[in-house]
Each structure stands twice: as C-alpha cells, then as structure tokens.
Ligand code: GDP
Ligand code: IMO
Ligand code: MG
C-alpha cells in the first residue's frame, strides 16, 4: 500500500518551483520516476509535470484549528512568488512572521508583505476592517516595510463595520463560541443575507447613507434583543467611513482580474488561507467554527479565480495540536502537559493573546483535513517545540462507546465524547532548531515525521524548526 502513495511523493518538486530559481526545474518527466514505481500511479497522481509545465498557483491552508504557522510558511514561499492573495477571514487571523529576529503579526495583510518584491492582495472573500487595516499598514511602514504601491484590496470585499463588532460581542454573550470579537460572523451574515456593504460601495457607490441607516437601525434592534447596552449611530459610522475612504481608495481594484493577469503573465501566485480546516464553516466543528470557507475550496472563490487555476494545496500542520476558543478538542492534554506545550511553543493567541488549548497530534483530524482540502503537500511546523519531550503521543483513532471511530464525526457533542487512542513515539531529546538538512534531523524525529506522512499519504514538503524565516528544512 505504501508504494502506491509514494508515487505522488515524487511530485513534491511541483511545490519546490516556488523556491527553485530555474523556471522549469520542478517539472518532472517519466524519466525521473525510479524503475519499479508503477508509472500509471505517477500519471494518475497528478501528472502536472507529465502533461504540461504548470505549477504556478499554490494554496496554503491551515490543516488543524488555526495558528499552525501559515504566516511563516507563506513568508518563506513568497520569496519566489510575485503575488500573495488572502482569500477569506479578516482581522480574526494573526499570522506571525519573524524576519531577522524581528516579529511581525499580520491580521489582514498577506504574509508575503515582508518580501519587498512581492505584491499582495486582499481578495473578495475577506471581510475587511478598514481601521485595523490602516493601523497595520502604518505599523509596517513605521518599521520600514514599504506597503504603498504593493497592496491591493478587492472592490468586492465586504466591510466590517463598528456595528458588526458590537453585534459580535453581544452575540458572544449568548452563543459562547469564543470568537475573536472582530465582527467576523455578523459581517459574513450580512454578506450572505445580501445586505452587506462592500469596499466598492464605499469608494465608487452612491446612496450609501440610506443603506447604512437601515443597517444601523437593524443593528440597534438586534443589540437590544441580545440584551446589550451599547447602541450605534449613523453619524458616527458616516464620520468613520468618511475618514477611511480616501486612504483605502488608491488600493481598491478588481483583485480577481489582478490575479488572473499575474497567472496569464506566468507569475507564481500564492493563495493564503486563514484559520484552519476544523474552523471551516461547513467542515469544521460546527457551530464552534469561524464563518468562512477556510479550506482550499474557498481559495478560488475568495481570490476571484477559477478552481482550474490552482495547481497544488499545501497544508500546514503543527507537530502537535492547538485550539483557541470553545468546542471539542479530542486530544487536549491534561493541564500539566498542556501547560508544558504552551510554554515550550509560546502558545498564546496572536490576535487576542488568549492561552491556546494544547494537545497531541491528531491523525483523524489531519487525515480529514487532507481529504477535504485535497492536500498535495505538507508543511510540518514547530517540530523544535517537541525537542525536550522524552515521549511524544499521537492520536491514531478514536473510540466511542466501545466502537472504533476513524472519521470525523459531524456533531460536536459526539466529537466531545470520543476517546482518543494514542501511540507513543520516542522523543529525540536533541535541539533541532539549528538543523537545515532533513538527513541531519535525529532519527527519532524522522521516524515521527515519516509516520505522519505515511498516515496522511501526503508528502512533506518542508519542516519548520523555529520562528525565523531561515529555520526551515526543505525536503
Ligand atoms: P498562523 O496563524 O497559522 O500564521 O500561526 P500563528 O502566527 O498564529 O502562530 C504560530 C506561532 O508559532 C507564531 O508565534 C510563530 O512565530 C511560531 N512558529 C512558526 N513556526 C514555528 C516553528 O517551527 N517553531 C517554533 N518554535 N515556532 C514557530
Ligand atoms: P489564524 O489565521 C485560531 C477561532 C476563534 C473562535 C472561532 C470563531 O491566525 O490561524 P471568529 O472571530 O472567527 O468568529 O471566531 O474561530 N479563530 C481562530 N483560531 N487562529 C485563527 O486565525 C482564528 N480565527 C478565528 O478563537 O474559536
Ligand atoms: Mg494565528
């Protein structure tokens, strides 16, 4: 069985095109396939290299509950990309990039922004909070990162208004999802309810006041219904938007068109996801999820391109598991082990500062994430965090009332009741953060990584061993 999936592993180089300077280097031909490999599997496994030199557009997704280290991976890959497009979520995201020891936390701006030659776009699938975006731009510029002229915003992205944030906070008191209170849910509700206000309406539209007035009245009605004391006013919102519009306007374009043009020009494009597969509004641990499609299926929609433009999906997984907010987390460790992981991994939310819940790597979750995203490569992060642990546990499956459960249950109560089945791995008890070659990793670390790879049947493309940009091992 292992032989069958090792054929797709040979396709790993298609992801390498983002780091390999020669434009045609990554494309495999049949002559690269070792003798003995059933060639039909090589062809069926993807065949990008067989049928044409196409490896231009890669999606980067979180394959757990968010905070897997997507920001770092996107920053590393963006070195070769011409354009990075964020395709969903909003200021709920916190993507950390460390460059030369300096830490940057990005919420709405794509994590490619620290690569000065890379352009960045906020796609139509994002819900845009103008105030925090402008603060983020100012902070980057203050720290010497030029954003002007490099960042575009979709005219179709929906605006997060102050009333959305008030509604998020008020709803949270009743629903207790543990949201980031950045107004994400209420803004997506308005989008789907066809009453949202988009960036284009603000910059190019007419008659915004009447629509805004309707929304304010409705928000006040909802705030009262939810028992909140806060009320919002039309005047404050008008003043707010008047202040934001002039600075936003120069960045507003049709980012789908921009992305299509980059692809047509043969440029490399990264589509950056936020959150993680288990927070996806359809596939996650509903209702303890965010309100967008975090999985790769949402990338085409949220970037405004066709799905056929996407050539590969890189799933980012931590070498263990974390979650912020409420909802089931089957492999959540006991308080002592959780505290140790939290301390070793610095597991505090990049957006809200909340301590992250910590536990062991969950293969059921990762396999599920692989299936619903169609992962073609893996980036395993934070391996170094496990360096000092004598034993590392991994969940191989669940049991529920004495029955084996190997697929993700749909209902959170069921997931909350499953018992994880663990396998223990010997720790390597050596520092890995200085290692740059896969073969230099301790053998126990390689056993651990290859076990994950075998279980997921997805090749590992890179392993991250520290926060800094250069602390990465390409496979
Ligand atoms: P994201 O939301 O997926 O981009 O992830 P976050 O930035 O919220 O959280 C990941 C955290 O882990 C950040 O503080 C990163 O600097 C850090 N990080 C990323 N990769 C590694 C790694 O390989 N080792 C260690 N020790 N930290 C890492
Ligand atoms: P990045 O992109 C981790 C979680 C919240 C809450 C749920 C819903 O940094 O990985 P929301 O504010 O989106 O309505 O909250 O989703 N959540 C995240 N958890 N990383 C994130 O983003 C998250 N964005 C939202 O904690 O449980
Ligand atoms: Mg994060």
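Read the figures in this text as sums done on the coordinates, not as results from a lab. Owing to the predicted nature of the structure, the values given are computational and were not obtained by experimental measurement. All Cβ positions, glycine included, derive from the backbone under ideal geometry; neighbour counts span all protein chains shown.
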(request) Scan segment 245-262 for residues that are surrounded by fewer than 20 Cβ atoms within 10 Å (Cβ to Cβ) and either in contact with a helix residue (DSSP H, G or I) (Cβ under 8 Å, 6 or more places away or on another chain) or not in a helix (DSSP H, G or I) (or both) and jot them down. (result) 245, 247, 248, 249, 250, 253, 254, 260
(request) Please work out if residue 294 is touching a residue at least 60 places away in the same chain (Cβ under 8 Å), within 16 Å of ligand 3 (Cβ to nearest atom), part of a loop (DSSP other than H, G, I, E, B) and buried (at least 20 other Cβ atoms within 10 Å of the Cβ). (result) yes
(request) Give, as residue ranges, the strands (runs of 3 or more DSSP E) completely inside segment 347-422 that count at least 1 residues that are within 16 Å of ligand 3 (Cβ to nearest atom), without any contact (Cβ under 8 Å) to a residue 40 or more places away in the chain and crowded, with 21+ Cβ neighbours inside 10 Å. (result) 357-359
(request) Scan segment 320-344 residue by residue and report those that are in a loop (DSSP other than H, G, I, E, B), within 19 Å of residue 391 (Cα to Cα) and within 16 Å of ligand 3 (Cβ to nearest atom). (result) 320
(request) For segment 230-244, enumerate the residues that are touching a helix residue (DSSP H, G or I) at 6+ places or on another chain (Cβ under 6 Å) and part of a loop (DSSP other than H, G, I, E, B). (result) 230, 231, 232
(message) Testing residue 450 on (1) in a helix (DSSP H, G or I); (2) within 30 Å of residue 298 (Cβ to Cβ); (3) away from ligand 1 (no atom under 16 Å from the Cβ), one condition comes back false. Which one is that?
(response) (2)
(message) If I filter segment 168-217 down to residues being within 20 Å of residue 231 (Cα to Cα) and free of Cβ contacts under 8 Å to residues at least 12 places away in the same chain, which single residue comes out as farthest from ligand 2 (Cβ to nearest atom)?
(response) 210
(message) Being in contact with a helix residue (DSSP H, G or I) (Cβ under 7 Å, 6 or more places away or on another chain), buried (at least 18 other Cβ atoms within 10 Å of the Cβ) and touching a residue at least 40 places away in the same chain (Cβ under 8 Å) narrows it down to one residue among 299, 274, 303; which is it?
(response) 303
